[in-house]
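Read-outs: derived from the displayed coordinates by stated rules, not from any lab. Keep in mind that what you see is a predicted model, and the values were worked out from it rather than measured. Reconstructed Cβ throughout: ideal geometry from the backbone, glycine too, with neighbour counts over all protein chains shown.
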Amino acid sequence: MLSYEQARQIILENIAPAGVEQSELVDAIGRVLVEDVVAPWDMPLWDNSAMDGYAVRSTDCAEVPCKLKVTGYIPAGIRGDGIEVKQGCAVKIMTGAPVPAGADAVVPYEETAETSGEQVAVQAPVTARQHIRYRGEDVRAGQTVIAAGTMVRPPEVSMLASLGLSRVPVFLRPIVAVLSTGDELIEVGRTPGAGEIINSNALALAAAVREAGGIPRVIGIARDNLESHREKLLEGLKADMLVTSAGVSAGDRDLVRVVLEELGVKQIFWKVGIKPGKPTAFGVKDGKPVFSLPGNPVSGLITFEEFVRPALLRMMGQRQVLRPTFCALLREDISNKESDRTILLRIRLEREGETLYASTSGKQQTGLLKTMVNSAAIAVIPPGRGFMAAGEEVDVHFFGSYIDLI
Ligand code: AMP
Ligand code: MG
C-alpha cells in the first residue's frame, strides 16, 4: 500500500495548471500571476510632497527660525507647471502634489507658523530632500516588480492598479465536479426517514473546493447501479477535475472504480496507508484528475484536505500547495493500533508562550463529525509509532481555524 507521502507525491506529479485567463484585479485575489509584471512607468511619476506644508529651498533655511514669502499654493491634483520657488520664498503644498521648480525640501505645517497670509516662519531645521517622494524612488519603468508565479494579495492589487494594469493573466480557477454516490442519500432540506442519509458530502466538498479557490459544480447523486454511475461520472468528467464520494470501500460493489475504468480513467492508486481515508482512489483521464473519496463525511473532508486541495492549488499554479506545518507538543499520550498507517489526528492547538500544544479535539472514531468541527489542525502520527507519549513532537497541518492562546 502507498504511504501518505508517496500518495501525495504521485498526485502532484500528475497535475498540471488548468489554463490561463485575463482577470479583473479584484477577482485575481488569491490567484497566481502567469507572467512577470514589468512597470510601464516610474513610481512615483513625479517628485511630490510627502506632507502638507511648504515647499522651500533648503539653503534659505540654513538658520532657523527664518521667514519666507509665500508666493503660491499647489493643492493635490494640480500640475503646478510654471510655479517656481524663488530665493527667500515658499509655496504652500499639499501631500501628493508635485514639488515646484526650485524647491528641494518640504517643511511640514507643524514646523511652521503662519505670520500672515503672505509670510511663513520656518521653526525647525531643514535638510535638503526632506519630505519629498522622488520620481522612480519606489519603482523604475522597465523594472520587474512582481514575478510570475506570485499569488495576488491586496498589496499586489495595489501595485498593479498603480501601474495602470486593470487586467492581468492568472491561472484559471478549475471547475470541480462533485458527485455523491449511494442509494441511501437524500438532499438536504428534509428530515431523513429510516435508512436515509443526508447528502452532506456534496455541500461539504463543494465548500472545500470554493475555499481552495476552485469553482464547485455539484452534479447530484449516482445511485447504486451501473447506468446511473455511467451517466453521472460521464457528466463529471466534463469538468476540469472530478471528485466523487463513497462507493469505494471494501463493502461496496466498487461501482465507482469499475465505471471510471470503463470510461477510460487510468486508476493510479486506490488505497493509501492513512487513517482515516484508506479507501481513497486517484486516477487521470487526459490529464484530468479524478479523486474517489470515502463516503464517511470525516474521511471525505480529511482526504480532500490532504490530497485534493494540494492538487487543486497546483492546478491554479500555486507554488505553496501545502498548509503551514508547525511542530507541536502532544498534550496527551496517543496509542496507534494501526501502526502500519499514518494516523491523521483531528486536534485543537493551544499556544503557551513560544510553544504550540496539540490535544485531540474529541474521540477519533471517523463517524464523529463534531470532532472535525472542533479541530483546528491535523496532527500527523507517522506509521510505526504504536505509542506516542505526552510531550513528544508532532507535525501539525493548520487549516485556518483557531489557535487558542493560554
Ligand atoms: P460508503 O463509502 O458508501 O460505504 O459510505 C460510507 C459512509 O458514508 C456511510 O455511512 C454512508 O451513508 C456515508 N455517506 C456516503 N455518502 C455520503 C454523502 N454524500 N453524505 C453524507 N454521508 C455519506
Ligand atoms: Mg455507498
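Can you give me the distance in nm between label points at VAL26 and ALA113, each placed 7 Å from the Cα along the Cα-to-Cβ direction?
Going from the VAL26 label point to the ALA113 one covers 5.0 nm.
Can you give the FRET efficiency for THR325 and GLN143, using 1/(1 + (r/R0)^6), R0 = 45 Å, r = Cβ-Cβ distance, to the nearest 0.05?
0.85
Dipole size in debye (nearest 20) for the chain around its Cα centre, Lys and Arg Cβ +1, Asp and Glu Cβ -1?
That gives a dipole near 720 debye.
For Cα pairs less than 8 Å apart in space and 6+ apart in sequence, what is the mean separation divided by the residue count of the chain, i.e. the relative contact order in percent?
16
Mind sorting THR325, THR342 by how few other Cβ atoms lie within 10 Å of their own Cβ, fewest first?
Going from sparsest to densest Cβ surroundings: THR325, THR342.
Using the Cβ atoms and a cut-off under 15 Å, what net charge is assigned to the surroundings of ALA97, where Lys and Arg are +1 and Asp and Glu are -1?
Around ALA97, the charge tally is 0.
So what are the ³J(HN,Hα) numbers for the range 347-360, from phi and the Karplus equation (6.51, -1.76, 1.60; θ = phi - 60°), rounded to whole Hz, Gly and Pro as x?
Running phi through 6.51 cos²θ - 1.76 cosθ + 1.60 with θ = phi - 60° gives 9, 9, 10, 10, 10, 10, x, 8, 9, 9, 10, 10, 10, 4 Hz.
Among the lysines, select those whose C-alpha is under 20 Å from the C-alpha of LYS69, and discard any that sit fewer than 8 residues away in the same chain.
Answer for LYS69, where 20 Å is the Cα cut-off: LYS86, LYS92, listed by chain and number.
Report the percentage of all Cα-Cα pairs in the range 238-340 whose separation exceeds 18 Å, rounded to a whole percent.
55
Distance from a point 7 Å along Cα→Cβ of GLU5 to each backbone N in the range 324-365: keep the residues under 14 Å and list them by number.
Counting backbone N atoms under 14 Å from the label point, the list is 342-343.
Just the projected area, averaged over all directions, of the convex hull on the alpha carbon atoms of the chain: how many nm²?
27.8
Across bins of 10 angstrom width beginning at 0, how are the C-alpha pair distances of the range 179-304 distributed, in whole percent?
Percent of pairs per bin, in order: 13, 48, 34, 4, 0.
Helix 4-13 versus the longest principal axis of the chain: what is the Cα-based angle in degrees, 0 to 90, to the nearest 10?
So the helix axis and the longest Cα principal axis differ by about 60 degrees.
How high is the relative contact order of the range 284-380? Use alpha-carbon pairs under 8 Å, at least six apart in sequence, and give a whole percent.
Once normalised by length, the contact order is 25 percent.
Suppose the chain between LYS363 and ASP286 were pulled fully straight at 0.36 nm per residue; how much longer would it get relative to their current alpha carbon spacing?
23.6 nm
Multiply the residue gap between GLU338 and LEU45 by 0.36 nm, knock off their C-alpha separation, and tell me the result in nm, one decimal place.
Gain on stretching GLU338 to LEU45: 99.0 nm.
Measure nothing but the geometry: give the 0 to 90° angle between the long axis through the Cα atoms of 200-212 and the longest principal axis through the Cα atoms of the chain, rounded to 10°.
30
Can you run the Rg to Rh ratio on the range 7-154? Use alpha carbon positions and the Kirkwood inverse-distance Rh.
In the range 7-154, Rg relative to Rh is 1.27.
Using a Cα-Cα cut-off of under 26 Å, which lysines could be cross-linked to LYS285, ignoring same-chain neighbours fewer than 8 residues away?
Within reach: LYS232, LYS238, LYS266, LYS271.
What are the semi-axes of the equivalent ellipsoid for the range 48-133, taken as the square roots of 5 times the Cα gyration tensor eigenvalues, largest first, in whole Å?
Three semi-axes, in Å: 17, 13, 12.
Based on a Kirkwood Rh over C-alpha pairs, give the Stokes-Einstein translational diffusion coefficient of the range 269-406 at 25 °C and viscosity 0.890 mPa s in µm²/s.
In µm²/s, the coefficient is 157.
With a cut-off of 8 Å between alpha carbons and a minimum separation of six or more residues, what is the relative contact order of the range 325-405 in percent?
Taking the mean separation of contacting Cα pairs over the length of the range 325-405, I get 44 percent.
In the range 325-405, what is the volume of the convex hull around the alpha carbon atoms, normalised per residue and reported in Å³?
Dividing the Cα hull volume of the range 325-405 by its residues yields 82 Å³.
Round to the nearest 0.05 the FRET efficiency obtained for GLU13 and LYS67 when R0 = 51 Å and r is the Cβ-Cβ distance.
Plugging the Cβ-Cβ distance into 1/(1 + (r/R0)^6) gives 0.10.
Averaged across orientations, what area in nm² does the convex hull of the alpha carbons in the range 231-276 project?
Spelled out: convex hull of the Cα atoms, projected over all directions, averaged, 3.8 nm².
Using the reciprocal of the averaged 1/r over all distinct C-alpha pairs, how large is the Kirkwood radius of the range 274-319 in Å?
The answer is 11.1 Å.
Fewest first, what order do LEU322, LEU260 take by the number of other Cβ atoms within 10 Å?
LEU322, LEU260
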